[in-house]
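Reviewing the structure listed below.
The values are calculated or read from the model by the stated rules, or taken from the named source; none is laboratory data. Since this is a predicted model, take the numbers as computed values, not measurements. For neighbour counting, all protein chains shown are included, and Cβ atoms are generated from backbone atoms with ideal geometry for every residue, glycine included.
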Amino acid sequence: MDEKVVIAKRVALEMKSGSLVNLGIGLPTTVANYIAPGLDVYFQSENGIIGLASAPEQGMVDPNLTDAGGGYVGAVPGAASIDSAVSFGLIRGGHLDVTVLGGLEVDELGHLANWTVPGKMIPGMGGAMDLVSGAKKVIVAMQHSAKGKSKILKRCTLPLTSVRRVNLIVTELAVLEPTDAGLVLKELAPGVTVEQVIAASEATLIIPENVGVMPISENETTAARA
Amino acid sequence: MHKATNCTKAVEMIPDGATLMIGGFLGVGTPNRTIDELVRQGKKNLTIIANDTGRPALGIGKLIVAKLVKKVIASHIGTNPETQRQMIAGELEVVLTPQGTLAEQIRAGGYGLGGVLTATGIGTTVAEGKQVIEVNGKPYLLELPLHADFALIAAHRADYNGNLEYALTARNFNSVMAMSADFVIAEPDHIVPIGVIPPDSVVTPFCCVDYIIERCN
């Protein structure tokens, strides 16, 4: 299975019926493809729509209906359009259940850095700081390493997105949960060993006696529930 | 008051050095005809308050490429390499602000508030130089209000009184900015007779809107 599919399928299992969810651009967006059918999840996009749906077929787009990356999307029946103040009121005010974001670095304190590489990449934080500070649950969905360097560090070296501790980190190798004691290895991806995860992490991981395996299916487009 | 005017006359009112709020999110809900006219008239030393700077050939990006801007306050410039280039070269001042904070600063400016307290940015580079105020044991950043000389906003429909309706994600910052400038210039897709937009459908009330750009110059 493709590494990014592993991540998306595992993150999809965190979605609960009735949730309001914000998916970041890129890998996080693909989580929507693996959410169990019939699960009553609404997607919020910070540019001002609650009830985002996948892009309509070619020739059926509305130029005034886009996601936060500027891509054309659809909306489910019952969707609501809102302005930017309301949108971020939902995000900061405890109305958004889950946000899934990509990451450049995460550390033992559960801090996330994902908005800038000073001197190299200065895109701006967009909505990321509000999302990480405000959402009820923050899930970081990212690859464990980049260019051979671990992204799971003792301490972030890049400017932080927030000092709020994220709730869960999902990579192609493992599920990690930041706690008061540090990063706990909760699950392994199918076929991955504890030693492989330790070797791929600069951070010191807490290894419980029993480490589970991600309950994701190999061949279905929709992840099977454990 | 007769609010309908054309693009040329509306933009002629904007002096060099003005502070402009411009609606839109990556070009969606951006007043494109007004921006094209700003470029055509070559307004200079503008300060732009906006969510983003579009793309080089899209929306606010055109103002950046034409070098009409001295300062930008925005949440995201990643889709416009020219903004980043001018910033790194020291030709353009850029203040990067979290998107929700930017919306609240603009809202505060239009709602008569002395600022807003937000937990967003605490402990990050965004907090540098800002006052931290503790409320019920929790730290918040004091973010100050923003105000503009002109707000340039895009709407779906306007009536000739200036009531505005928006379309889907093209609303974004437009309705917030319509409260926060000395003069508000609205560029609607359609202008309809007064009474066609029912009161319950009005998002921006007519009293906020000073000028409505007609479809043709």
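Quick notes
- Each residue in segment B:28-47 was checked for being within 20 Å of B:ALA148 (Cα to Cα) and either within 14 Å of chain A (Cβ to nearest Cβ) or part of a loop (DSSP other than H, G, I, E, B) (or both), and 8 of them qualify.
- Subset tally (residues that are assigned to a strand (DSSP E or B) and either more than 30 Å from B:ALA167 (Cβ to Cβ) or within 14 Å of chain A (Cβ to nearest Cβ) (or both)) for segment B:141-156: 8
- Residues in segment B:110-140 that are assigned to a helix (DSSP H, G or I) and in contact (Cβ under 8 Å) with a residue 24 or more places away in the chain were compared, and the one that is surrounded by the fewest Cβ atoms within 10 Å (Cβ to Cβ) is B:TYR111.
- For segment A:1-53, filtered to residues that are buried (at least 24 other Cβ atoms within 10 Å of the Cβ) and charged (D, E, K, R), the residue that is farthest from A:ALA174 (Cα to Cα) is A:GLU46.
- Scoring B:GLU104 on the criteria (1) closer than 27 Å to A:LEU65 by Cα; (2) surrounded by fewer than 24 Cβ atoms within 10 Å (Cβ to Cβ); (3) within 14 Å of chain A (Cβ to nearest Cβ); (4) in contact (Cβ under 8 Å) with a residue 12 or more places away in the chain leaves a single failure, condition (2).
- Criterion (touching a helix residue (DSSP H, G or I) at 6+ places or on another chain (Cβ under 9 Å), modelled with pLDDT under 95 and crowded, with 22+ Cβ neighbours inside 10 Å) met by exactly one of A:ALA128, A:ALA223: A:ALA223
- Filter result (within 11 Å of chain B (Cβ to nearest Cβ), of a type in the set (Asp, Glu) and over 17 Å from the mean Cα position of the chain (by Cα)) within segment A:51-105: A:ASP62, A:ASP83
- Sole residue being under 20 Å from A:ILE25 (Cα atoms) and in contact with a strand residue (DSSP E or B) (Cβ under 7 Å, 6 or more places away or on another chain), chosen from A:ALA80, A:ALA68: A:ALA68
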